[in-house]
Structures are given as C-alpha cells and as structure tokens.
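Down below is the structure, laid out as structure tokens.
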Amino acid sequence: MALSRRTLLLSGAATGAATAVTTWPLAAAATPYRGPLRTNPFTLGIASGDPDADGFVLWTRLAPAPLAEDGLGGMPSRDMPVHWEVAADERFRHVVRRGVAIARASAAHTVHVELNGLLPGREYHYRFKAERYLSPAGRTRTAPAPWTMPASLAMSFVSCSQYEHGYFTAYRRLAQDEPELILHLGDYQYEYARDTYNIPGGNPRDHEGPETVTLANYRQRHAQYKTDADLQAAHAVAPWAVVFDDHEVENNWADEVPEQPDPNFLARRAAAFQAYYENMPLRRTSIPRGIDMQLYRRLRWGRLATFHLLDTRQFRDDQGCGDGYKDCPAALDPARSITGPEQEKWLIDGFRQSTARWDILGQQVFFGQRDNNPGPASVVSMDSWDGYAASRDRITRGWVNAGVRNPVVLTGDVHAHWADELKLDWADPTSRTVGTELVCSSITSTGDGADVIPGTHPWAAWNPHLRFYNNQRGYVRTRIKPGALNADFQVLPYVTRPDAPVHTRASFVIEDRVPGLHQTSDSSTPGAVGSALRTGDLGEQTVRQETQRP
C-alpha cells in the first residue's frame with residue numbers, strides 16, 4: 001500500500017529504493033578536495049522568496065564548477081561558512097541584519113537564511129560572501145502589515161522554462177519591469193536528456209547530463225538552469241513564490257504513479273524533491289521528508305491579496321483514462337481529487353476565513369473547462385482540472401459559498417496564453433460567472449510559437465467562456481489594486497534567438513466584485529511569426545503542443 005511504502009522511505013528501513021536515496025548525496029568526485037575556494041562560487045546567482053510582513057528567505061548555492069557530473073558543483077568536500085548581509089539601501093551603507101550560515105556539503109552547499117523581525121512593506125537589499133568572494137546583490141521586500149490595505153502590488157507570474165527550447169529572454173524582460181513579487185507556477189526545469197524533446201528546426205541549446213533520475217542528476221540540471229544570466233536577473237529583482245508541476249520530477253506523474261511503470265519511481269521522486277528544495281528560496285517548512293514535501297501554503301499581502309499556492313501533483317488521483325484528451329467517465333467521478341482531501345479542506349477553510357480583497361489561487365494546470373469536441377461528447381484534458389471535474393466543482397462552490405469577494409485563478413502548464421471566465425454550470429453559457437482564470441504561456445517551452453488572430457481559436461465557439469488565446473512565449477504582468485486587477489499578456493516574437501523585445505499582446509481588467517474579463521487592449525506583435533494556421537488547425541495544434549512528449 002502507498003502508506004507502507006511512504007513509511008519505509010521516511011524511516012530508512014527499506015533496502016532498495018530507500019538505500020538509493022540515502023547514498024546519492026554521497027556521490028562525489030574521485031578525489032575529494034578540502035582546500036580553500038580557488039574560483040568564484042557564486043555562479044548560480046542569488047534569490048529570495050516567500051515574503052511575509054516581517055521577513056523572507058534568502059538563498060544561494062556555492063558552485064565554482066556548476067555542471068560537475070556529481071552534482072556537487074566542484075566544491076570542496078567540507079561545510080563552509082557563508083556571510084550574509086541585509087541592508088536598507090542598495091549601497092549597503094545601512095546594514096540592518098547580518099550573520100553567518102553554513103553551506104553544508106550534504107546539501108550541495110546551498111544556503112537558506114530565513115529572516116524575521118524586519119519592518120513590513122519595505123524594500124531590502126542582500127548579498128553573500130564566501131571566503132574572499134562576494135556575491136551579486138539582490139533586491140527583495142517584506143509584505144505589508146496584515147492590517148493595511150496597500151495601494152497596489154506589481155506581481156508577475158511565469159511557468160514552463162525548457163532550457164533547450166530557447167533563450168530565457170522573457171525572464172530578463174520580466175526583471176526589467178521591476179515587479180514586487182514573482183510567482184513561478186511549475187516546470188522550472190525539465191528532466192530530459194539532450195536530443196530527446198526537440199522542437200522543429202532543432203533545439204538552440206542542449207541539456208547537460210542524462211535524463212534526471214538520481215540526486216546528482218537533478219542537482220546538475222538545476223545548476224545548469226541557474227547559470228543562465230536572464231534567470232539570475234529575474235531572481236535578483238524581487239522575491240519569488242514557487243510551486244512545482246510535473247517536469248521537476250517527470251512528465252505527468254500523479255502522486256506515487258509515474259508516467260510509465262518504474263519500480264524506482266519513489267526514489268526518483270525523493271531525489272527530485274530534495275534537489276528542488278535545495279535550489280529554491282523556500283522556508284524550512286518545505287524541507288522534504290523522503291517522498292513527502294509540504295508545498296501548498298499561503299502568502300498574504302496585507303488586506304489586498306491572499307495567495308493560495310497549491311500542489312496539484314503530490315496528492316492527486318491518477319489520470320482517469322491515461323494522458324491526453326479523452327471522453328472519460330472517470331473524469332466526473334466525485335471520489336476523485338486533484339488536490340487530495342486534506343489540501344481541499346485547507347483551501348476551502350482558507351476561503352471561509354479570508355478577509356482579503358483578492359483571493360488568488362497560484363496553481364499549475366488549466367482550471368476552466370476546455371472541451372475540444374463540438375458534439376455531445378466532452379473531450380477534455382485528463383491532466384487538467386477537467387479530468388477531476390468534481391474536485392473543481394467542490395472548490396469553486398467553496399469560494400462561492402464562502403462569499404469570497406474576488407476569486408482569481410493563475411495557471412501555467414499549457415505553453416500558451418489564455419484568459420477565461422469560470423462557471424458553476426459549464427453546460428449553460430449564460431450562467432453566472434463566478435471567477436476568472438489567467439493562464440501564462442511558457443518562458444520557452446515548445447519554441448517560438450506564432451501570433452494568432454484574436455477570436456480564431458475554434459474551441460471558443462462551443463466554450464464561449466474562453467475569452468483569449470495566444471501562442472507566443474512570454475509571461476503575465478499584473479497590477480493588483482483594491483478596485484481592480486489589471487493583467488497584461490506579455491509576449492516575445494521569438495525565443496530560439498537571444499535578446500527578443502517584449503510586447504503587450506493584450507490587456508484585461510477584472511473589476512472589484514465583478515467576476516469576469518474586460519479587455520482593454522489588443523495589439524498584434526511586431527516582428528512576430530504570423531500564424532498561417534487555419535482555424536481548425538489551432539485546435540489540433542493546442543492538443544499536440546500540450547501532450548506531445550518524447
């Protein structure tokens with residue numbers, strides 16, 4: 001049974017997979033080095049995350065040779081003290097906190113500094129020092145005091161950054177916007193070996209190492225992604241709040257069920273979780289315990305917004321009829337859940353207790369209904385909330401019954417921009433709109449994409465709640481105020497070459513107490529690849545783009 005496997009891994013009593021989990025951190029170079037640092041160890045940059053009203057998490061990882069195959073970054077095989085400073089100014093003339101953290105060899109020399117006791121609603125600057133080497137400086141901030149109503153919050157959200165499929169220019173453009181908070185909604189890194197998941201015309205970059213299976217593999221892969229200067233810029237500009245989706249482990253996994261049969265999957269999952277925690281600015285409450293990791297949590301931005309960050313992988317039932325788009329009776333089974341009962345209760349209890357102006361769900365997979373069949377059959381994505389319709393209905397009714405003032409769902413995963421209005425009765429297009437979903441495209445995944453003429457996606461004809469679609473890469477930039485949430489769908493004309501410009505493809509407003517979307521701008525992308533697709537082909541491409549994997 002699942003519980004017994006989980007217990008064995010946590011206790012270390014199992015021999016096969018559990019033994020592998022405990023020995024992988026010990027993998028090292030043939031000749032361990034214990035001397036002083038010889039080169040700059042801050043090759044992976046710095047980061048901050050999970051802000052609250054009196055603190056945040058600071059992160060770095062020491063790795064003078066970040067792509068070392070053993071996943072240990074070329075570090076000496078000893079623990080190392082790392083000095084850190086937090087200042088009220090960017091020149092560090094007014095240092096408000098400083099200390100020393102230990103970068104432990106057993107944790108790949110990562111550092112997590114969890115601070116509290118700082119002033120609410122303030123901008124801070126931070127940096128690290130290891131021996132004679134000084135890190136770049138980063139900017140972060142605390143959340144406003146719980147009883148205050150901030151005038152606004154600049155928040156951007158992103159997902160799906162396949163290193164091989166393009167350059168991370170979108171991260172650079174996001175950093176240039178100088179947001180106050182960044183949400184990453186999953187697929188921060190991908191598991192594939194090079195020449196496995198290819199785009200038409202060939203991948204412009206390659207992964208190092210094999211498909212990620214061991215802790216050393218995952219550590220090396222995270223390091224490769226974090227060597228990217230554009231990603232480092234985005235981490236340095238503002239605090240992040242992160243959740244994983246599937247590719248941080250493997251494609252379309254569901255709780256203890258891998259995509260394909262794999263007797264070592266639980267060991268792989270434990271390794272992936274450990275590397276994920278090591279490489280993200282997460283609080284100590286998210287330290288993994290074997291194959292378990294506490295990822296769902298809340299961030300509060302004064303009385304303006306509460307962010308409910310979900311985990312739709314670790315506790316879900318297996319996809320009802322396999323992967324892909326299916327007409328599947330199991331998708332309607334009320335016993336099935338995408339969150340698990342404990343997380344579902346936590347979320348609905350949070351709705352009941354909320355006093356925020358905006359309740360925002362930061363999560364991974366498409367929430368609204370997308371039926372790709374104009375006939376009586378309902379053909380929907382098994383991996384999305386459509387594959388767990390009763391689970392979606394309970395949560396939607398949860399916020400309606402709790403009287404949530406402004407529910408908004410933020411989503412990644414599908415490698416395209418979407419915006420849609422949420423219903424309780426999907427069969428009746430005239431039924432009341434009870435919430436709004438904003439879906440960000442990928443940073444790079446599936447390559448350049450193409451601009452799309454508004455209103456030409458065929459599914460909108462029988463899914464009129466689907467209000468916007470665009471198939472270029474990018475991110476979503478929001479400005480949240482007490483009276484409205486403004487969302488800009490930012491796109492890049494290409495990602496297979498570096499340094500693309502950014503363009504606001506469309507903008508929408510969600511007004512206070514008025515669920516639904518009001519479009520305020522629509523502007524085709526200069527220099528973009530034009531869509532030569534016929535209307536019918538857009539639907540086929542959508543399915544292929546979301547489901548085609550090695």
Inside region 413-428, can you point out the residues that are in contact (Cβ under 8 Å) with a residue 12 or more places away in the chain, surrounded by fewer than 22 Cβ atoms within 10 Å (Cβ to Cβ) and not basic (Lys, Arg)? Glu421, Leu424, Trp426
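Conditions tested, residue by residue: (1) of a type in the set (A, V, I, L, M, F, W, C); (2) in contact (Cβ under 8 Å) with a residue 60 or more places away in the chain; (3) surrounded by fewer than 17 Cβ atoms within 10 Å (Cβ to Cβ); (4) out of contact with any Gly (no Cβ under 9 Å at 6 or more places or on another chain).
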| position | (1), (2), (3), (4) |
| --- | --- |
| Gly455 | no, no, yes, yes |
| Gly483 | no, no, yes, yes |
| His503 | no, no, no, no |
| Glu511 | no, no, yes, no |
| Thr542 | no, yes, no, yes |
So which residues in region 43-96 are assigned to a loop (DSSP other than H, G, I, E, B), of a type in the set (D, E, K, R) and over 27 Å from the mean Cα position of the chain (by Cα), if there are any at all? Arg78, Asp79, Asp89, Glu90, Arg91, Arg93
If you go through region 429-438 one residue at a time, do you hit one that is in contact with a Pro (Cβ under 7 Å, 6 or more places away or on another chain) and open to solvent by 60 Å² or more (accessible area, probe 1.4 Å)? yes
Of all residues making up region 355-399, the number that are in a loop (DSSP other than H, G, I, E, B) and under 22 Å from Ser159 (Cβ atoms): 12
Please verify whether Leu10 is modelled with pLDDT of 90 or more, out of contact with any His (no Cβ under 9 Å at 6 or more places or on another chain), aliphatic (A, V, I, L, M) and open to solvent by 30 Å² or more (accessible area, probe 1.4 Å), treating the condition exactly as stated. no
Just the residues that are aliphatic (A, V, I, L, M) and either within 15 Å of Ala275 (Cβ to Cβ) or in contact with a helix residue (DSSP H, G or I) (Cβ under 9 Å, 6 or more places away or on another chain) (or both), please, taken from region 66-86. Leu67, Ala68, Leu72, Met75, Met80
Unique residue being over 30 Å from Val514 (Cα atoms), in contact with a strand residue (DSSP E or B) (Cβ under 7 Å, 6 or more places away or on another chain), open to solvent by 10 Å² or more (accessible area, probe 1.4 Å) and acidic (Asp, Glu) when the list is Asp255, Asp292, Asp318: Asp318
Across region 91-105, the tally of residues that are farther than 13 Å from Pro76 by Cβ, among the small types (Gly, Ala, Ser) and either surrounded by 13 or more Cβ atoms within 10 Å (Cβ to Cβ) or out of contact with any Phe, Trp or Tyr (no Cβ under 9 Å at 6 or more places or on another chain) (or both) stands at 1
Could you please let me know if Ala236 is open to solvent by less than 10 Å² (accessible area, probe 1.4 Å), among the small types (Gly, Ala, Ser) and in a helix (DSSP H, G or I)? no
Name every residue in region 179-218 that is of a type in the set (D, E, K, R) and in contact with a strand residue (DSSP E or B) (Cβ under 9 Å, 6 or more places away or on another chain), in order of residue number. Glu180
Across region 458-493, what is the number of residues that are under 23 Å from Thr525 (Cβ atoms) and assigned to a strand (DSSP E or B)? 21
Strands (runs of 3 or more DSSP E) fully within region 135-226 counting 2 or more residues that are over 25 Å from Ser507 (Cα atoms) and open to solvent by 20 Å² or more (accessible area, probe 1.4 Å): 138-141
Return the residue satisfying two criteria in turn: it lies in region 106-116 and is part of a loop (DSSP other than H, G, I, E, B) and open to solvent by less than 60 Å² (accessible area, probe 1.4 Å), and of such residues it is farthest from Met80 (Cα to Cα). Leu115
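The values are calculated or read from the model by the stated rules, or taken from the named source; none is laboratory data. Note that this is a predicted model, so its numbers are computed, not measured. Neighbour counts run over all protein chains shown; Cβ positions are idealised from the backbone, glycine included. Just the protein is used for accessible areas: all its heavy atoms, side chains included, with ligands, DNA and RNA removed. Shrake-Rupley method; radii C 1.70, N 1.55, O 1.52, S 1.80 Å.
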